[in-house]
């Protein structure tokens with residue numbers, strides 16, 4: 001798995017050299033940096049899930065399939081491509097808040113019905129307004145590394161600031177979805193106000 | 001009346017007393033055990049609160065360590081919010097340690113005083129180092145002392161380790177109380193072990209992130225060592241969490257903690273552990289603040305697990321305490337009930353059984369031995385003892401009537417015999433006068449008839465004498481006039497009274513010869529029996545053997561002859577008054593000897609028996625109380 005991803009990353013690196021003409025040193029940094037960045041972001045996603053509180057009814061709907069320990073399921077939907085290149089996949093089958101995590105890929109807004117968390121790829125930026133309109137008041141956590149995601153009405157933006165990963169959270173969006181993000185998590189994030197006109 | 005040394009009353013009371021004692025011991029032991037359990041539970045609860053405080057101190061020490069390392073290499077602007085957290089951690093450490101020290105001071109005997117002193121000493125050192133750190137923070141980053149920072153890390157870690165060691169030793173004293181608590185404490189210890197190694201790891205990484213440098217050789221070694229310990233710690237934790245009693249409750253929590261650790265530390269480990277140039281400048285894609293937050297959360301997940309176990313231990317201790325309390329209450333109630341029932345039994349036996357039985361026994365004794373007829377006062381007359389009293393009353397009434405009747409009969413016999421003797425003597429005299437007056441004209445046949453009449457009169461006179469003597473048998477013998485003689489002397493005197501025909505021998509047995517007995521009325525009994533044997537003997541020569549055996553309470557005398565013997569069908573008849581085996585005319589006696597013998601023996605509290613067959617001699621055996 002790791003080899004496959006390394007290969008993919010190498011190809012992306014070559015593409016960048018050809019297209020952008022980066023120096024050799026720049027190439028090495030760009031290869032190394034996104035790799036760790038994505039892992040760090042994947043780690044942040046798990047922490048975000050763990051420290052987010054859904055309304056009780058959401059994680060304990062009666063028809064949910066439960067495992068031996070009577071645990072409900074928690075579905076993470078990857079909208080568009082996987083922004084973390086598979087680094088999130090070890091979460092499959094693990095638990096957060098005693099609910100079993102499942103990861104699915106969705107390509108259209110109607111498919112997001114059963115998601116508890118939606119991670120949106122950069123290539124879905126254009127669909128954001130429609131997506132936010134559909135998700136309004138639904139108890140679904142939205143996460144993305146799209147630039148200005150939080151300002152546009154998303155909930156958690158995994159942004160980059162001075163070459164370092166930072167968290168930006170739109171508290172209004174989180175509140176309107178009736179989700180509660182733990183104070184210890186909020187403390188690590190920059191709370192951003194929504195742009196006027198955005199949700 | 002003399003009571004036996006262990007009367008029925010005493011026996012019953014002693015038995016009830018012993019039963020009481022047994023119940024008291026059994027229930028008392030139960031109460032003692034419950035009290036012991038209660039004290040252990042109290043001790044356990046106190047211990048748990050101390051352990052909780054120590055773990056809280058360790059958690060905050062660990063967070064303060066990582067944060068301090070980070071801020072020592074950060075600019076004042078970046079360091080300020082983290083420093084506020086450090087201050088909070090320090091405050092929490094101080095409060096938790098002071099609480100633990102106060103709790104430990106309350107314990108009278110503290111077996112870990114050595115390690116406690118060590119712990120306090122390391123805490124004092126850390127307090128001094130904190131002050132140096134605070135001074136250093138006021139300087140520009142470049143002027144801050146790296147050695148002080150390193151010392152702080154070491155001393156902070158040393159204190160954490162010391163606390164952990166102290167907990168390990170301290171918690172040993174609780175492990176015998178309950179196996180589940182013991183198991184939980186061991187698990188808790190391993191969780192903390194893992195949390196501490198993770199804490200050290202994130203502190204070192206935090207420093208690297210703050211410095212923006214790849215790890216030095218020392219840091220690499222430290223990280224490598226910690227990684228090994230952490231992996232080992234997770235392996236142990238998984239094994240423990242799969243334990244049946246812990247699995248359902250702890251396994252899901254452990255899985256989450258494990259996932260969080262993996263995503264926070266493992267996924268990025270290459271960033272810090274890879275083959276990067278030693279100590280060179282680096283540009284990490286994560287800020288030290290975000291890292292500290294994330295890794296603190298990951299360690300917190302482990303501590304959630306630990307808190308869960310602590311809560312479980314606390315609940316278990318509360319349950320033990322509650323069980324012990326209810327056990328004490330139940331045991332005390334049982335003890336009081338048993339005591340009340342035992343006392344009631346004692347009262348019933350003493351006042352409603354033993355006392356009335358004793359009173360009735362006394363009454364019976366007085367009635368039979370002293371002819372005093374008294375009815376004891378008994379309160380509960382409707383009960384069995386009361387019914388027995390009614391029987392006693394009937395018995396006493398009958399006995400009293402019988403005694404009166406016997407006395408009247410004897411008085412009657414005496415009076416009759418005495419009063420009949422005068423007219424009989426008059427008839428005898430008149431018959432003599434008639435014979436003298438009519439001597440010349442009285443035909444020879446009439447003379448013979450008169451003679452026969454006088455013979456009958458003399459016989460009747462003798463019989464009246466015998467009746468008088470028989471009636472007097474009960475008359476008391478003056479004890480002062482009653483000599484104590486030896487058996488041989490007694491028999492010699494008897495032989496002197498008997499007109500012993502030649503050819504007859506009286507043999508005194510050796511046992512009898514040595515005995516010392518009261519002379520009267522035994523002499524009369526033996527005289528009658530020996531005289532009877534000689535008088536009714538059917539041969540010219542004969543032997544009578546007299547002997548005795550001494551028991552604890554009585555003598556058993558025997559008189560054996562080699563005479564004609566007595567047919568068994570007459571064995572009862574011979575003891576009746578005026579009963580002879582031959583017609584009265586032919587009989588050598590008047591049939592009163594054996595009747596007198598039996599009456600005297602019975603009147604003195606003995607009994608008589610006869611062993612004999614026709615023509616085989618006779619053996620009279622009688623008992624004589626001492």
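The values are calculated or read from the model by the stated rules, or taken from the named source; none is laboratory data. Fair warning: this is a prediction, and the values are worked out from it, not measured in the lab. Note: ideal-geometry Cβ built from the backbone for every residue, glycine included; neighbour counts use all protein chains shown.
Here are the numbers for the structure shown:
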{"item": "Meets criteria (modelled with pLDDT under 85, away from chain A (no Cβ under 14 Å) and assigned to a helix (DSSP H, G or I)) for residue B:366", "result": "yes"}
{"item": "Tally of residues being touching a residue at least 40 places away in the same chain (Cβ under 8 Å) and more than 19 Å from residue B:233 (Cα to Cα) across the stretch B:253-274", "result": "2"}
{"item": "Qualifying residue in the stretch A:79-99 (condition: within 14 Å of chain B (Cβ to nearest Cβ), part of a helix (DSSP H, G or I) and surrounded by 20 or more Cβ atoms within 10 Å (Cβ to Cβ))", "result": "yes"}
{"item": "Residue match in the stretch B:435-455 (condition: part of a loop (DSSP other than H, G, I, E, B), crowded, with 17+ Cβ neighbours inside 10 Å and out of contact with any strand residue (DSSP E or B) (no Cβ under 6 Å at 6 or more places or on another chain))", "result": "no"}
{"item": "Residue satisfying condition, being in contact with a strand residue (DSSP E or B) (Cβ under 9 Å, 6 or more places away or on another chain) and either free of Cβ contacts under 8 Å to residues at least 40 places away in the same chain or outside any helix (DSSP H, G or I) (or both), within set B:73, B:123", "result": "B:73"}
{"item": "Test: residue in the stretch A:130-140 that is in contact with a strand residue (DSSP E or B) (Cβ under 7 Å, 6 or more places away or on another chain) and within 14 Å of another protein chain (Cβ to nearest Cβ)", "result": "no"}
{"item": "Which listed residue is more than 24 Å from residue A:92 (Cα to Cα) and more than 9 Å from chain A (Cβ to nearest Cβ), from B:290, B:237, B:226", "result": "B:226"}
{"item": "Scan of the stretch B:254-275 for residues that are facing chain A (nearest Cβ under 10 Å), surrounded by fewer than 19 Cβ atoms within 10 Å (Cβ to Cβ) and outside any helix (DSSP H, G or I), ordered by number", "result": "B:274"}
{"item": "Selection count, the stretch B:539-585, where residues are free of Cβ contacts under 8 Å to residues at least 24 places away in the same chain, more than 23 Å from residue B:599 (Cβ to Cβ) and touching a helix residue (DSSP H, G or I) at 6+ places or on another chain (Cβ under 8 Å)", "result": "0"}
{"item": "Options B:581, B:610, B:529; residue that is closer than 27 Å to residue B:460 by Cβ and touching a strand residue (DSSP E or B) at 6+ places or on another chain (Cβ under 6 Å)", "result": "B:529"}
{"item": "Filtered residues of the stretch A:100-111 (kept if within 11 Å of chain B (Cβ to nearest Cβ) and under 13 Å from the mean Cα position of the chain (by Cα))", "result": "none"}
{"item": "Positions within the stretch A:55-78 being in a loop (DSSP other than H, G, I, E, B), at pLDDT 60 or above and touching a strand residue (DSSP E or B) at 6+ places or on another chain (Cβ under 8 Å), in sequence order", "result": "A:71, A:72"}
{"item": "Hey, residue B:305 without any contact (Cβ under 8 Å) to a residue 24 or more places away in the chain and within 14 Å of chain A (Cβ to nearest Cβ) or not", "result": "no"}
{"item": "Pairs where the first residue, in the stretch B:501-512, is in the same structural domain as residue B:526 (by TED's automatic domain parsing) and at positive phi and the second is modelled with pLDDT of 90 or more and surrounded by 12 or more Cβ atoms within 10 Å (Cβ to Cβ), C-beta under 8 Å, 6+ apart", "result": "B:503/B:542"}
{"item": "Residue that is farthest from residue B:271 (Cα to Cα), among those in the stretch A:161-174 that are facing chain B (nearest Cβ under 8 Å) and either surrounded by fewer than 16 Cβ atoms within 10 Å (Cβ to Cβ) or out of contact with any helix residue (DSSP H, G or I) (no Cβ under 6 Å at 6 or more places or on another chain) (or both)", "result": "A:167"}
{"item": "From the options B:594, B:581, B:512, residue that is closer than 19 Å to residue B:466 by Cβ and assigned to a helix (DSSP H, G or I)", "result": "B:594"}
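Condition check ((1) more than 22 Å from residue B:614 (Cβ to Cβ); (2) part of a helix (DSSP H, G or I); (3) modelled with pLDDT under 90) across all residues:
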| position | (1), (2), (3) |
| --- | --- |
| B:485 | yes, no, yes |
| B:500 | yes, no, yes |
| B:526 | yes, yes, no |
| B:530 | no, yes, no |
| B:555 | yes, no, no |
